[in-house]
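First comes the structure, then the notes that go with it.
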């Protein structure tokens with residue numbers, strides 16, 4: 001049986017092996033029951049038209065700690081079009097619920113790690129895009145982050 005420390009170390013080693021610089025595919029397999037495939041593309045959909053949408057701050061209890069801990073986090077989304085903002089506003093309760101459910105499964109150690117933040121950003125992007133039909137979220141930026 002793996003301890004949380006062993007699991008965290010395993011995640012770190014796997015992340016180091018699967019996240020070289022440049023374009024590549026990698027798997028995120030920590031803090032969720034399914035692996036998440038994604039691609040790292042430093043030259044992704046950015047153009048002169050940089051449309052962003054800030055989300056209200058999320059405050060969630062973190063999972064699995066021996067003491068009560070919480071995560072306070074704020075995201076700004078880079079979206080593919082202005083029209084997508086309307087769809088996000090219409091689906092906001094569903095989208096926030098999905099993000100809150102995901103964030104509350106994260107552990108204190110994962111949330112504090114650099115790799116954990118990357119995983120959170122990628123998973124939030126995937127969650128949002130799974131509900132959107134008129135465009136997509138290109139990037140998720142963390143603009144406030146506090147773990148206590």
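Residue 53 to residue 114: FRET efficiency via 1/(1 + (r/R0)^6), r the Cβ-Cβ distance, R0 41 Å, to the nearest 0.05?
0.95
Note the per residue figure in Å³ for the convex hull of the C-alpha positions in segment 43-148.
Each residue corresponds to 91 Å³ of Cα convex hull volume.
Full extension from residue 133 to residue 66: what is 0.36 nm times the residue separation minus their Cα-Cα distance, to one decimal in nm?
Length gained between residue 133 and residue 66: 20.1 nm.
Length gain on complete extension for the stretch residue 121 to residue 86, per 0.36 nm per residue less the alpha carbon to alpha carbon distance?
Stretched fully, the residue 121-residue 86 segment lengthens by 10.4 nm.
Bear in mind these aren't lab numbers, they're just calculated from the coordinates by the rules spelled out. All of these numbers come straight from a predicted model, not from anything done at the bench. When we count neighbours, we look across all protein chains shown, and the Cβ atoms used for this are built from the backbone with ideal geometry, even at glycine.
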